Every structure is written in structure tokens, then in C-alpha cells.
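Right, one structure below, let's go through it.
Derivation of every value follows stated rules applied to the coordinates shown; laboratory data play no part. This is a predicted model, so every value here is computed, not measured. Heads up, the Cβs are rebuilt from the backbone with ideal geometry, glycines too, and the neighbour counts pull from every protein chain shown.
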Amino acid sequence: MELQLVPAIAAGIAGTLAMTALMTVAPMMGLPKMNVVGMLGSMITPDESTARTAGIAMHLAMGVIFALVYAFLWGQGLTIGAGSWALNGLVYGLVHGVIAIVTMPMMMSMHPRPPEMAKGPMAMAGMLAGHIVFGLVVAGVYTMMAA
């Protein structure tokens, strides 16, 4: 199937919102606070209010870009199994999460005002869970809308 822009963009927004919802409730589930919006926005400005707005925009934009990449790769036939959207979303989200975990220290070292971020196994579990949720939602929404 060829890349379909509108479904991919909608899937990216939905996946990012689902991931953000998980980050919001993560502390209630015993996971550390994951303030990706604050971390991204504070790269742009030290002003907390402006940083929040910038961080939300950046996080949504990144979600759309990654959803476009996922959809492009699926369109090129890079799928797992018999094209199961859930399996593909799980695997893509898992790989995406591992890449995020590996690259986070480098990103934080380049940050002009690095915020305090959780570290350790629980933080990694939270990052992985967030990216798996993102992958599952992107795959589900894209599959439904592109059909």
C-alpha cells in the first residue's frame, strides 16, 4: 500500500496524544515522571510558559514525522507477519523506544538547559512503554483510515 498522508498525520497525532496520556498517568503506575514536553520546550527557551507551548508543538510534530516514517516503511513492504497492524505497531514502537533510550543521553548532553530527568530501569521501562503505545496507536489508526 502506498503512503497515505492524511491517515499518517492523523495517526501521528493520535499516537502522540496516547503517549502523552501515558506519560501523564505514569507516576500513578509507579513509573517516574516523564516530562518530554518540558524537556523539548526548554531546548528553545528558559521561559516555562513558552517552553510548554513549544514542547507540545515539537512533540506533536515529532509524532507526525515518525508516523509518516512508519507508514512509508509499511508501504515499502517492511511489515512483520501477515501484515497484522498490532504486531507491526508493537515491533515498530519497541524499536523506536530502544532507539530513544540509546540516544537520550546524547540528546541531553546537547541540551542548553538540561532538565532533571528520571534515569534507571524504571525510566527506561516508561520510555519503552510510551513508544510501544505510540506504535500501536499509529498502526491501528493508520490501518483503519488508510483502508
Can you list the residues of the stretch 42-56 with backbone N under 11 Å from a point 7 Å past the Cα of His111, pointing along Cα to Cβ?
42-44
Residue list for the stretch 85-101, given a label point 7 angstrom along the Cα-to-Cβ vector of Ala147 and an amide N cut-off under 11 Å
85
If you take the charge dipole of the chain about its Cα centre, with +1 on Lys and Arg Cβ and -1 on Asp and Glu Cβ, which of Ala54, Ser42, Asn88 is farthest toward its positive end?
Ser42
Separation of the stretch 1-41 and the stretch 69-135 by C-alpha centroid, Å?
11
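When the chain is fully extended, how far beyond the present Cα-Cα distance does Thr45 get from Leu78, taking 0.36 nm per residue of separation?
8.0 nm
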What order, most packed first, do the peptides 86-92, 130-136, 108-114 have when packing is the mean number of other Cβ atoms within 10 Å of each residue?
130-136, 86-92, 108-114
Please state the shape class of the chain: rounded when a/c is under 1.5, otherwise prolate if a/b exceeds b/c and oblate if not, all from the C-alpha gyration tensor.
prolate
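Could you put Met122, Met23 in order, starting from the residue whose Cβ has the fewest other Cβ atoms within 10 Å?
Least crowded to most crowded, the residues run Met122, Met23.
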